[in-house]
Amino acid sequence: SDGNWLIAAAGEAGLFGEVTVWNTHDWSRKSTFRGHNDQLYAVALSPDGKTLATGSYDQNILLWNPDTGKLLRELTGHNGPVFDLAFDPQGTILASASGDRTVKLWNASTGERLETFTEPEKEQSPFAFRHAGSHLAAGGVDNRIRLWQISRSGKAGSNRLLETRFAHEGAILRLAYSPDDRRLVSSSEDRTVKLWETKTYTLQQTLKNQPDWPVALAVAADNSK
């Protein structure tokens, strides 16, 4: 969050996953470390910058100390590739989306599995926490956006599905909340980008079709773009 590091997740299919931490002041390589048995699809840094999470095609999640590259713990439980990871705004809950059609919640400190959401019908890949916390939006190959209310503890049974929206004619690629949490933006393999207001998750606007898959999204800090 302070902009001092840029973290890249990579690797070689069937061989290893690799994380590289770059110092953004002079773009020197701070550290490189490996631990997975396959390439990485996801990386997330906790809000306090003390825990780095990586997700891989090997179905596992590893937690690291980003300063030293020391492996802190391994989280197992997915039966498919881990496609996306995110810490909640408080840094106490880690969420993961997988090819096994589930989204899981984990205790970011202990690695305890807290909850498994099984409502998705196909692979799940992108998701986003609201900046104010409490809500998690996820999407995937079933073309739907689902919204869950996440309790402070994240314990099983304390989180509930709030909304399911058929959102696109193709798989959902990315999701992003605006900094003021008033809009959720989605992009899809159908080459569209859509804006949803977040009181009732009603579609506000569909942007002009993109020339190819829009695989990345970002909203300006002042919410203007």
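Can you pull the percent of the range 114-225's accessible area that's carbon plus sulfur, 1.4 Å probe, other chains left in place? C and S atoms contribute 48 percent here. Over the C-alpha atoms of the chain, the Rg to Rh ratio, Rh being the Kirkwood estimate, stands at 0.95. Placing +1 on each Lys and Arg Cβ and -1 on each Asp and Glu Cβ, with no other charges, gives the chain a dipole about its Cα centre of roughly 460 debye. In this structure, the residue pairs whose Cα-Cα separation is over 19 Å, taken from K122/K199; K122/K208; K70/K104; K30/K50; K50/K70, are K122/K199; K122/K208; K70/K104. Ligands, DNA and RNA are left out, and with a 1.4 angstrom probe the accessible area of the range 39-129 is 39 Å² per residue. How charged is the neighbourhood of R191? Take every other residue with its Cβ under 11 Å from the Cβ of R191, and add Lys/Arg as +1 and Asp/Glu as -1. Its environment carries a net charge of -3. What the Cα convex hull of the range 17-79 gives, in volume per residue, is 84 Å³.
Kirkwood hydrodynamic radius of the range 105-165, from the reciprocal of the average inverse Cα-Cα distance over all distinct pairs: 12.1 Å. Averaging sequence separations of C-alpha pairs under 8 Å and six or more residues apart, then dividing by the length of the range 129-217, give the relative contact order as a whole percent. Relative CO of the range 129-217 lands at 21 percent. Rounded if a/c is under 1.5, else prolate if a/b beats b/c, else oblate: with a ≥ b ≥ c from the C-alpha gyration tensor eigenvalues square-rooted, which is the range 1-108? Oblate, since a/c reaches 1.5 and b/c is not below a/b. Rounded to the nearest 20, the Cβ-based charge dipole of the range 43-154 about its Cα centre (Lys and Arg +1, Asp and Glu -1) stands at 200 debye. Taking max minus min of the alpha-carbon positions on each principal axis, the range 50-146 gives extents of 40, 32, 19 Å, largest first. Computed over neighbours whose Cβ is under 11 Å from that of R165, the net charge equals +2, Lys and Arg +1, Asp and Glu -1.
Could you look at the range 3-62 and say what percent of its accessible area is carbon and sulfur, using a 1.4 Å probe and all protein chains? On the range 3-62, the fraction of accessible area on carbon and sulfur atoms equals 47 percent. Applying D = kT/(6 pi eta Rh) to the range 155-208, where Rh is the Kirkwood radius over alpha-carbon pairs, T corresponds to 25 °C and eta to 0.890 mPa s, the Stokes-Einstein value obtained is 202 µm²/s. Using R0 = 35 Å, the C-beta based FRET efficiency linking T110 and N209 works out to 0.20. A viscosity of 0.692 mPa s and a temperature of 37 °C, combined with the Kirkwood radius over Cα pairs in Stokes-Einstein, give a translational diffusion coefficient for the range 92-225 of 219 µm²/s. Note: relative contact order over the range 1-149, using C-alpha pairs below 8 Å and six or more positions apart, is 13 percent.
The values are calculated or read from the model by the stated rules, or taken from the named source; none is laboratory data. This structure is a prediction, so every number in the text was calculated from the model and none was measured. Note that we place each Cβ from the backbone using ideal geometry, even for glycine, and neighbour counts take in every protein chain shown. Only protein heavy atoms, including side chains, enter the accessible area calculation; ligands, DNA and RNA are left aside. Shrake-Rupley method; radii C 1.70, N 1.55, O 1.52, S 1.80 Å.
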